[in-house]
Amino acid sequence: MEVGLSRLSGVLHLDTQIAMDEMIRLVHDYNRGLASGEDVIFWVKVTIRSFMAQVDGLGYAMRRAVLQNAAKCSLSLTVKERARLSERKYDAVSDTILDQPAHLSTEEGIKVAFRYFPQLFGVNKVLDTSGEEWRGFKRVSAVRNKLTHPEIPEHLVPVNALPALHPTLLWFYSQLLELFVDIVSRSGMASVPSFPIGEIPKFREVDFPWHIFLEQNTNAS
């Protein structure tokens, strides 16, 4: 199970890494007058979408693994918890899962995944949402949402994600690495996924206020 998930994570990560590498190359070329701003913006958006798709896909796979393996791993789940993990509505009166969707946001989906998946292995790891890194994650997610459902033309410009994008990617990968290392140490696996994580640059939202055209339509807290 953990091997399959680490492979899935690697495949999803590859899409993001390809997009990020191309974005960085174009930024360098743009600074030398060899690439257009439109090309840079396009690959910034590709990177954002690839990364958030990676988060959504990994979160779904982790939640599904919990539902499929809870019993064999002696993890007790209430009906309400199963409803949340399966993104279905819960009826408190009958204590049943309804055949109606109750979709989780990207933020809630990955938090729920991190809350339950480590318990399959007896690991005490949750996603760290206590600092500026989580605010950066929420910013990138908010920009992706506006790219997907723009209300005004300016929502198609990813300017608000730029200062948070690289720090957020590295922070998320460090969270994944910590999780897999904990699982490995608990289960005795021979290897862990390899993520090239160096020193993580810091993102402080106070240094990069939201541009007004997104701030009016986004809860930045």
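The values are calculated or read from the model by the stated rules, or taken from the named source; none is laboratory data. A quick note: this is a predicted structure, and the numbers were derived from the prediction, not measured. When we count neighbours, we look across all protein chains shown, and the Cβ atoms used for this are built from the backbone with ideal geometry, even at glycine.
In segment 150-164, the residues that are of a type in the set (A, V, I, L, M, F, W, C) form Cβ pairs under 6 Å with partners that are surrounded by fewer than 18 Cβ atoms within 10 Å (Cβ to Cβ) and not in a helix (DSSP H, G or I), at six or more places apart or across chains, as follows: 156/150; 159/211.
Looking across segment 1-24, just one residue is over 19 Å from residue 168 (Cβ atoms), among the charged types (D, E, K, R) and surrounded by fewer than 15 Cβ atoms within 10 Å (Cβ to Cβ), and that is 7.
Of all the numbered requirements in (1) in contact with a strand residue (DSSP E or B) (Cβ under 9 Å, 6 or more places away or on another chain); (2) surrounded by fewer than 17 Cβ atoms within 10 Å (Cβ to Cβ), residue 84 misses one, and that requirement is (2). For segment 1-40, give me each residue that is over 28 Å from residue 120 (Cα atoms) and among the aliphatic types (A, V, I, L, M). Those that are over 28 Å from residue 120 (Cα atoms) and among the aliphatic types (A, V, I, L, M): 18, 19, 20, 23, 24, 26, 27, 34, 35, 40. Residues that are under 15 Å from residue 5 (Cβ atoms) and β-branched (Val, Ile, Thr) number at least 2 in the following helices (runs of 4 or more DSSP H) confined to segment 16-118: 37-69. The residues on offer are 99, 56, 91, and the sole one that is surrounded by 15 or more Cβ atoms within 10 Å (Cβ to Cβ) and at negative phi is 56. All of (1) surrounded by 19 or more Cβ atoms within 10 Å (Cβ to Cβ); (2) over 17 Å from the mean Cα position of the chain (by Cα) hold for residue 113 with one exception: (2). Residue 128 meets each of the listed conditions (1) at pLDDT below 95; (2) surrounded by 14 or more Cβ atoms within 10 Å (Cβ to Cβ); (3) outside any helix (DSSP H, G or I) apart from (2).
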